[in-house]
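Engineer: Got a structure here, written out as structure tokens. Questions coming.
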Amino acid sequence: MGKHAKSARRATSSHAQGPALPSSRGDLGVSLAEQASRSRLTRTGHGLSHALSQLHVTRVSHADSAAMPGLGLETTIHKPPIGSVPASSHDRQQAGLAVAGQVQARWLRRALVGASIAAMAAVALTAIPVALFLIALYNLAISGLEARWRFYAWRTPQAASGLDWPDPVMPGEEEMSFSFIVCALYEADVIGDTLLGLLSQTHRRHQIIVSLREHDTETIEAVRAFERKYPDRIETVIGRYAKPGKHEQLNGALMYCTGDAVSPVDAEDDVAPELLAHVEALFRKTGADVVQGAVQLMNLGRQPKQWFQAHNVLEYQIWYSGRMLFQVDAGFVPLGGNTVFTRTELLREAGGWPDSPTEDCAAGVLLCSQYGAKVVAAYSPQLATREEAPATVFSKDKGSIFWQRVRWIEGTCQELMRGSWLKMPTLRQKILAGYILAAPILQAVSCALLPVALITALALKVPEGLALFMYTPFVPMALTMTSMLAGLHQFGRDYAQKVMARHYASIILLTPLYQALLAAAAVVAVHKYLKKDNSWYRTGRSGEHRDSTIAATLSSPGTLA
């Protein structure tokens with residue numbers, strides 16, 4: 001009885017203290033592993049969560065305990081994967097620091113991005129007003145210079161008097177001789193009246209050479225018919241030329257010129273009968289190397305779709321009556337087409353007309369910059385050579401102002417990049433020459449910037465002073481518009497042309513459109529130049545500028561000298 005009680009007390013004590021001791025060696029190994037695991041957890045100071053991650057305890061039912069005798073509650077140890085090592089306190093500290101560093105780096109990046117956006121916004125808010133100010137200043141400079149040149153003759157009367165032609169040389173007192181070179185290409189319909197006008201010159205000592213291309217059979221036949229009607233009055237040079245353009249035809253005829261001065265003539269020109277007598281008088285008075293007379297377009301536009309012709313007409317009138325004088329005073333004159341008389345020997349010394357889409361402009365740049373030629377100019381409506389404005393905006397066959405202007409701007413761009421103007425003697429002349437050649441491109445840029453700047457100023461909140469300054473370019477523009485309206489009235493009076501209300505309306509309402517057209521032509525011209533596209537466009541003719549009564553008078557042989 002005592003033995004049984006002691007056994008019961010030991011069993012009770014055993015259960016109270018913990019699991020019973022294993023009854024076999026296998027159970028002993030499991031118990032020892034469990035104790036070692038518990039001891040290790042205690043030593044490392046792991047919390048309960050970490051212990052559970054390393055040691056999983058599973059309650060075994062009484063049914064299962066039959067396989068494990070001596071235990072009603074057994075533990076099964078799930079060992080960590082082979083090769084894993086429990087983290088130490090130092091490792092955990094390093095891992096915590098790494099996580100904290102990553103969080104700090106992430107927030108630092110966010111802060112840097114936010115600061116960058118804020119800085120860019122601040123810079124933009126500062127840069128936009130500065131950019132608008134610079135754009136307005138640029139537009140003011142371009143429009144101001146244009147207005148200044150347009151009013152040059154009006155605000156300097158003493159200089160304007162220099163545009164007056166001297167009294168003509170009287171018949172029989174001629175000392176100089178002249179050579180006209182008429183270049184024609186597909187001009188059979190208009191060349192006859194042009195030659196009649198040249199034959200009517202009051203100056204007795206002049207030569208007329210017609211320069212043709214051998215494949216232009218229709219024009220050749222028209223000239224032959226004129227020769228049969230007026231024998232021994234003109235000379236004809238027919239050549240085969242590799243390149244398009246007028247410069248080869250002009251140079252092909254230059255070797256046959258016998259006059260002291262030579263002048264190109266376009267195939268549709270109406271030349272004033274007394275022009276040569278005045279040109280010789282101006283040569284004698286000034287001792288000039290080059291005399292530049294005036295050219296005037298005559299057709300203002302018979303239909304509303306020809307709205308652009310009034311603008312084109314005024315360009316010529318303002319150029320020759322004012323702006324050309326400014327360039328003469330500056331000593332740099334890109335010569336304008338025809339009614340240009342150059343001493344023959346000087347032109348031959350310079351190698352003739354340069355290879356350029358605008359051979360007249362190139363010749364003026366060459367003679368002024370490298371040969372120091374003295375250029376004088378004169379203007380009179382009675383002595384201006386009359387031409388026609390192109391009949392359409394884009395049709396090349398009928399005559400296009402757009403493609404004509406593309407060729408002109410391409411030629412000036414070529415001269416600008418060639419750099420001959422840099423040989424002008426003074427810095428002021430260099431600056432003026434560079435600006436004169438770059439003016440079409442600079443004006444195109446201004447045309448593009450002006451509306452963009454105004455829209456930006458209206459869309460954004462800018463200082464009031466800047467907003468007002470944005471509109472200052474319109475002041476010289478308004479003056480330019482006023483000069484155009486006055487010039488249109490003056491044109492009608494000087495040339496006995498009827499100016500209609502729609503012509504004035506076109507100037508007032510469609511000037512922005514016309515400037516946009518010229519700006520687009522400048523873009524195309526620069527593109528062609530950069531592509532080295534040397535294709536040459538001939539302006540079509542329709543003879544709109546000619547008065548039938550004048551043509552009938554000139555066609556009578558009795559009126560010819």
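The values are calculated or read from the model by the stated rules, or taken from the named source; none is laboratory data. The shown structure was predicted, so the numbers you read here are calculated from the model rather than taken from an experiment. Here Cβ is always computed from backbone atoms with ideal geometry, including for glycine, and neighbour counts include all displayed protein chains.
Engineer: Regarding Val290, is this residue surrounded by 21 or more Cβ atoms within 10 Å (Cβ to Cβ), touching a strand residue (DSSP E or B) at 6+ places or on another chain (Cβ under 8 Å), of a type outside the set (D, E, K, R) and under 20 Å from Thr194 (Cα atoms)?
Structural biologist: Spelling it out, it is not the case that Val290 is surrounded by 21 or more Cβ atoms within 10 Å (Cβ to Cβ), touching a strand residue (DSSP E or B) at 6+ places or on another chain (Cβ under 8 Å), of a type outside the set (D, E, K, R) and under 20 Å from Thr194 (Cα atoms).
Engineer: Another one. Need the failing condition index for Lys532 against (1) out of contact with any Cys (no Cβ under 6 Å at 6 or more places or on another chain); (2) in a helix (DSSP H, G or I), just the number.
Structural biologist: Every listed condition holds for Lys532 apart from (2).
Engineer: Have a look at Val365, Val328, Val333 and point out the one that is closer than 28 Å to Thr482 by Cβ, surrounded by 23 or more Cβ atoms within 10 Å (Cβ to Cβ) and modelled with pLDDT under 95.
Structural biologist: Sole residue among the options that is closer than 28 Å to Thr482 by Cβ, surrounded by 23 or more Cβ atoms within 10 Å (Cβ to Cβ) and modelled with pLDDT under 95: Val333.
Engineer: Taking the options Gly352, Gly372, name whichever one is touching a helix residue (DSSP H, G or I) at 6+ places or on another chain (Cβ under 8 Å), of a type outside the set (Ser, Thr, Tyr), over 29 Å from Gln309 (Cα atoms) and in a loop (DSSP other than H, G, I, E, B).
Structural biologist: Gly352
Engineer: If a residue must be buried (at least 19 other Cβ atoms within 10 Å of the Cβ), small (Gly, Ala, Ser) and part of a loop (DSSP other than H, G, I, E, B), how many such residues does segment 379-402 contain?
Structural biologist: Number satisfying all stated conditions: 4.
Engineer: Kindly check whether there is at least one residue in segment 420-436 that is in contact (Cβ under 8 Å) with a residue 40 or more places away in the chain, farther than 21 Å from Val333 by Cα and in contact with a helix residue (DSSP H, G or I) (Cβ under 7 Å, 6 or more places away or on another chain).
Structural biologist: No, that holds for no residue.
Engineer: Restricting the search to segment 319-343, which residues are under 11 Å from Gln296 (Cβ atoms) and in contact with a Ser or Thr (Cβ under 7 Å, 6 or more places away or on another chain)?
Structural biologist: Thr339
Engineer: OK, next. Please indicate, with yes or no, whether at least one residue in segment 103-111 is among the aromatic types (Phe, Trp, Tyr) and either under 34 Å from the mean Cα position of the chain (by Cα) or at pLDDT 75 or above (or both).
Structural biologist: To start, the set of residues in segment 103-111 that are among the aromatic types (Phe, Trp, Tyr) comprises 107.
With either under 34 Å from the mean Cα position of the chain (by Cα) or at pLDDT 75 or above (or both) added as a condition, the list becomes none.
Among the residues of segment 103-111, not one is among the aromatic types (Phe, Trp, Tyr) and either under 34 Å from the mean Cα position of the chain (by Cα) or at pLDDT 75 or above (or both), which makes the answer no.
Engineer: How many residues does segment 466-487 hold that are over 17 Å from Thr456 (Cα atoms) and not β-branched (Val, Ile, Thr)?
Structural biologist: 10
Engineer: How many of the residues in segment 449-470 are over 30 Å from Val499 (Cβ atoms) and surrounded by 15 or more Cβ atoms within 10 Å (Cβ to Cβ)? Steps first, please.
Structural biologist: Taking segment 449-470 and keeping what is over 30 Å from Val499 (Cβ atoms), we get 449, 452-470.
Then keep just the ones that are surrounded by 15 or more Cβ atoms within 10 Å (Cβ to Cβ); that gives 449, 453-454, 456-457, 462, 466-467, 469-470.
Total meeting the criteria: 10.
Engineer: I would also like to ask the following. Go through segment 466-494 and give me each residue that's out of contact with any helix residue (DSSP H, G or I) (no Cβ under 6 Å at 6 or more places or on another chain) and in a loop (DSSP other than H, G, I, E, B).
Structural biologist: Result: Tyr471, single match.
Engineer: Please indicate, with yes or no, whether at least one residue in segment 344-353 is crowded, with 23+ Cβ neighbours inside 10 Å and touching a Ser or Thr at 6+ places or on another chain (Cβ under 9 Å).
Structural biologist: First, pick out the residues of segment 344-353 that are crowded, with 23+ Cβ neighbours inside 10 Å: 347, 353.
Restricting the remaining residues to those that are touching a Ser or Thr at 6+ places or on another chain (Cβ under 9 Å) gives none.
No.
Engineer: Mind checking which pairs have a first residue in segment 281-301 that is closer than 11 Å to Leu383 by Cβ and a second that is among the hydroxyl-bearing types (Ser, Thr, Tyr) and surrounded by fewer than 23 Cβ atoms within 10 Å (Cβ to Cβ), Cβ under 6 Å, 6 or more apart or different chains?
Structural biologist: Correct list of pairs: Val295/Thr385; Gln296/Tyr316.
Engineer: Pairs only if they're at least six apart or on different chains, beta carbon under 6 angstrom, first in segment 448-476 and touching a residue at least 24 places away in the same chain (Cβ under 8 Å) and more than 12 Å from Pro129 (Cβ to Cβ), second buried (at least 17 other Cβ atoms within 10 Å of the Cβ) and among the β-branched types (Val, Ile, Thr); list them, first residue then second.
Structural biologist: Leu449/Ile135
Engineer: Follow-up. Check Thr194 against each of (1) modelled with pLDDT under 95; (2) hydroxyl-bearing (Ser, Thr, Tyr); (3) more than 40 Å from the chain's Cα centre (by Cα) and name the one condition it does not meet.
Structural biologist: (3)
Engineer: If a residue has to be surrounded by 14 or more Cβ atoms within 10 Å (Cβ to Cβ), out of contact with any strand residue (DSSP E or B) (no Cβ under 7 Å at 6 or more places or on another chain) and either modelled with pLDDT of 80 or more or closer than 15 Å to Met298 by Cα (or both) to count, how many in segment 526-549 make the cut?
Structural biologist: The number of residues fulfilling the criteria is 7.
Engineer: Working only within segment 228-247, note down all residues that are of a type outside the set (Phe, Trp, Tyr), assigned to a loop (DSSP other than H, G, I, E, B) and either touching a residue at least 12 places away in the same chain (Cβ under 8 Å) or buried (at least 21 other Cβ atoms within 10 Å of the Cβ) (or both).
Structural biologist: Arg233, Ile234, Arg240, Lys243, Pro244, Gly245
Engineer: Look at segment 196-214 and say how many of its residues are of a type in the set (D, E, K, R) and either buried (at least 22 other Cβ atoms within 10 Å of the Cβ) or closer than 17 Å to Val169 by Cβ (or both). Spell out how you get there, then give the answer.
Structural biologist: Applying the first criterion (of a type in the set (D, E, K, R)) to segment 196-214 yields 204-205, 213-214.
If we keep only those that are either buried (at least 22 other Cβ atoms within 10 Å of the Cβ) or closer than 17 Å to Val169 by Cβ (or both) too, we end up with 204-205.
So the count comes out to 2.
Engineer: Please go through segment 454-465 and pick out each residue that is part of a helix (DSSP H, G or I) and over 30 Å from Trp154 (Cβ atoms). Step through it out loud before you land on a result.
Structural biologist: First, pick out the residues of segment 454-465 that are part of a helix (DSSP H, G or I): 454-459, 464-465.
The answer is Ile455, Thr456, Ala457, Leu458, Ala459, Glu464, Gly465.
Engineer: So the check is Cβ under 7 Å with 6+ separation or different chains; which pairs have a first residue in segment 259-274 that's within 15 Å of Ala294 (Cβ to Cβ) and a second one that's crowded, with 21+ Cβ neighbours inside 10 Å and small (Gly, Ala, Ser)?
Structural biologist: Asp270/Gly197; Val271/Gly197
Engineer: Looking only at residues that are under 17 Å from the mean Cα position of the chain (by Cα) and not hydrophobic (A, V, I, L, M, F, W, C) in segment 405-422, which one is nearest to Leu314 (Cα to Cα)?
Structural biologist: Per the criteria, the residue is Arg405.
Engineer: To continue, here is another question. Where in segment 248-348 are there strands (runs of 3 or more DSSP E), lying fully within it, with 3 or more residues that are over 24 Å from Arg148 (Cα atoms) and of a type outside the set (A, V, I, L, M)?
Structural biologist: 261-266, 340-343
Engineer: Mind telling me which of the residues Glu415, Glu388, Glu345 ends up being more than 26 Å from Ser161 (Cβ to Cβ) and touching a Lys or Arg at 6+ places or on another chain (Cβ under 9 Å)?
Structural biologist: Glu388
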